[in-house]
């Protein structure tokens, strides 16, 4: 529940379930997971701008936002929302940091504990153990859906669309049925994102909620 509240504060309040365009999970699920892992292994990292559209369970658009993200293997993530509210999510490989400047609060989680509610971390190369909590279905060579198998997961699925070997867009669904669609633009994979993007220091005067 804590992570769910934080996602809402950071405008990253969902990451995807209930898409009917996925293939059946039972047949070939292991092969699909391996195929996705092999495809992700070709993405050493990238940076991009994103636009986000949030849709509630009744199909109503409730928010639009923009920002930028950078991802680098293994386990590094920099996610900054700049409009309409500024928030920052950073994974340095060990800790996942959520920073909300408006409320002047930082929350810190261990990466291996946070992935259940932040499955986008799977894209950055988490270990095989983390993948055990997910099933993968495949629509075609460029579309995959990652589904959480834990019933208490706040984020239930993540649908990824590739353009060749590069991630083009993804959709997130949370346990309430709320969806977030993310479209990526200005994707740059060479050079890889600067290492400084994946380090974080708690700003002076900001409260730290350390959940590690």
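Look at region 162-184: where a residue is over 17 Å from residue 63 (Cβ atoms) and a partner is in a loop (DSSP other than H, G, I, E, B), sitting 6+ places away or on another chain with Cβ atoms under 6 Å, you get 162/142; 165/42; 175/154. Residues that are in a helix (DSSP H, G or I), touching a residue at least 40 places away in the same chain (Cβ under 8 Å) and farther than 16 Å from residue 168 by Cα within region 32-74 comprise 32, 33, 35, 37, listed in sequence order.
When 109, 200 are checked against the criterion of being in contact with a strand residue (DSSP E or B) (Cβ under 7 Å, 6 or more places away or on another chain), modelled with pLDDT of 90 or more and not in a strand (DSSP E or B), a single residue qualifies: 200.
Working carefully through the options 3, 77, 12, find the one that is at pLDDT below 85, touching a strand residue (DSSP E or B) at 6+ places or on another chain (Cβ under 7 Å) and either surrounded by fewer than 21 Cβ atoms within 10 Å (Cβ to Cβ) or under 22 Å from residue 198 (Cα atoms) (or both). From the options 3, 77, 12, the qualifying one is 12. Here residue 138 clears all of (1) out of contact with any helix residue (DSSP H, G or I) (no Cβ under 7 Å at 6 or more places or on another chain); (2) surrounded by fewer than 23 Cβ atoms within 10 Å (Cβ to Cβ) except the condition numbered (1).
The values are calculated or read from the model by the stated rules, or taken from the named source; none is laboratory data. Fair warning: this is a prediction, and the values are worked out from it, not measured in the lab. Every residue, glycine as well, gets a Cβ built from its backbone with ideal geometry; the counts of neighbours run over all protein chains shown.
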